[in-house]
Amino acid sequence: MKKLIAILSMLFAVPALAEETAQAAASATTMSLMTKGLIVTAGGLGGVFLVLILFFLMIRIMHKFLK
């Protein structure tokens with residue numbers, strides 16, 4: 001019963017989420033090109049560093065298994 005209530009509440013929350021997304025998209029169109037570029041650059045750099053950290057951790061884990 002709790003699962004059914006959770007699913008129904010999620011279904012009713014979808015239109016509100018769509019409205020919030022539309023408002024966020026409308027506000028994104030008013031940002032300057034420089035701001036959009038900085039956001040994309042920060043996201044890209046964050047992704048690159050995340051991958052580098054994951055590689056580093058995997059190498060350390062593999063070294064521990066080899067010893």
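Before moving on, here are some points about what is shown:
- Some residue of the range 34-51 being open to solvent by 60 Å² or more (accessible area, probe 1.4 Å), of a type in the set (Phe, Trp, Tyr) and at pLDDT 90 or above: yes
- Qualifying residues in the range 1-33 (those that are open to solvent by less than 100 Å² (accessible area, probe 1.4 Å) and outside any helix (DSSP H, G or I)) - the one modelled with the highest pLDDT: Ser32
The values are calculated or read from the model by the stated rules, or taken from the named source; none is laboratory data. Predicted, not measured: the structure shown is a model, and the values here were computed from it. Remember, those area values only see protein heavy atoms, side chains included, never the ligands or the DNA or RNA. Shrake-Rupley method; radii C 1.70, N 1.55, O 1.52, S 1.80 Å.
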